Amino acid sequence: MLLSIHNIPDTPGIGYCGTQGDKLKKLVKPKVKRAAVEYVVRGFGLSKRRALQLVHLCWASYVYRGKDKGDDALRKRMHEIAQQRRRFGSPRIYTLLRREGWKMNHKKVDRLYKEEKLSLRLRKRKRLPARQRIPLTVPDAPNKCWSMDFVSDSLAQGRRFRVLNIVDDYTKESPAMEVDTSLGGVRVAQVLERLKETRGLPDRIRTDNGPEFISRALDEWAYQNGVKLDFIEPGKPTENAFIESFNGRFRDECLN
């Protein structure tokens, strides 16, 4: 009986080599193929040359051993950043490392990020009943749609203040961030009027149903400038996801 890779029993770390449409898995990675070669040599007494032909692995790949690139310092620094910035993922950790002078690409950071298991542990969401989902419309050019919302916090002496954040849904850029202890509808209209002169106005602005956004002053300003106010449904902040995401990062990186 001729020996084939299909005769190799299922062993940990070793897959199977099958043809297209075969239910058996192929041996793809060199590491797995090396393990298969060792198993064939020990279990069937074949030469390494014959075993390499059997699993379709060249001699250079078989004898190659990876070199330690000395990533201990980089791994340690990634752990420190992950502890300081718990909400930072791989792309944002990569940005901070580049600013500090580390020389590597984003693929390496992403690989080490996964190997060190630094990914965020997200809480499992409750299973909700099936419902019709309306996708969030994404503009195809800058200045098509803006989103705006408020963020509140307090000073060291306990006095409250608010920040009006405005985000371009296409570029994710924030054209204005207005800070004060009181920001009413008139003040919001003044900020938008200032942006009108420096940047131009969008076709529509997505907001929630806060009193500042449904005020008569803002409604009159929007009518005079031909801007449509797009209000989300009450109690559904996910319909204003762009500004909610921006506010989360702003609170995490600045206010906190």
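Using each residue's phi in the stretch 228-234, evaluate 6.51 cos²θ - 1.76 cosθ + 1.60 at θ = phi - 60° and report the 3J(HN,Hα) Karplus result to the nearest Hz, with x for Gly and Pro.
8, 8, 9, 8, 7, 6, x
For the stretch 151-158, just list the computed ³J(HN,Hα) in residue order, Karplus coefficients 6.51, -1.76 and 1.60, θ = phi - 60°, integers in Hz, with x standing in for Gly and Pro.
Computed from phi, the couplings for the stretch 151-158 are 10, 10, 7, 10, 7, 4, 7, x Hz.
Report relative contact order for the stretch 167-243 in percent, whole number only (criteria: Cα-Cα under 8 Å, sequence separation at least 6).
For the stretch 167-243, the relative contact order is 31 percent.
So which GluC sites (Glu not before Pro) in the stretch 135-244 are both in a DSSP loop and have at most 15 other Cβ atoms within 10 Å of their Cβ?
Glu173
Glu173 versus Asp252, label points 7 Å from Cα toward the beta carbon: distance in nm?
It is 2.4 nm.
Scan around Asp149 for amide H atoms under 5 Å from its own, H built in the peptide plane at 1.01 Å from N, and keep only partners 5 or more places away or cross-chain.
So Asp149 has HN proximity to Asn165.
Do any trypsin sites (Lys or Arg not before Pro) in the stretch 75-110 lie in a loop, going by DSSP, with at most 13 other beta-carbon atoms within 10 Å of their beta carbon, and if so which?
Taking the stretch 75-110 and a limit of 13 other Cβ atoms within 10 Å, the loop trypsin sites (Lys or Arg not before Pro) found are Arg86, Arg87, Lys103.
Please compute P(r) over all alpha-carbon pairs of the stretch 40-101, binned at 5 Å starting from zero, and give each bin as a whole-number percent.
Calculated P(r), rounded to whole percents: 4, 14, 16, 12, 7, 6, 7, 10, 11, 11, 4, 0.
Once you order the gyration tensor axes a ≥ b ≥ c over the Cα atoms, which shape class does the stretch 173-235 get: rounded for a/c under 1.5, otherwise prolate or oblate by comparing a/b with b/c?
rounded
What's the FRET efficiency of Asp71 with Arg162 using the Cβ-Cβ distance as r and R₀ = 45 Å, to the nearest 0.05?
Efficiency computed from Cβ-Cβ geometry: 0.50.
What is the distance, in nm, between label points placed 7 Å from the Cα along the Cα-to-Cβ direction at Lys31 and at Ile214?
Spacing of the two 7 Å Cα→Cβ label points: 5.7 nm.
Quick note: the coordinates plus some simple rules give every number you see, no bench work behind them. Bear in mind that the values here come from a model prediction, so they are computed numbers and not experimental data. Note that we place each Cβ from the backbone using ideal geometry, even for glycine, and neighbour counts take in every protein chain shown.
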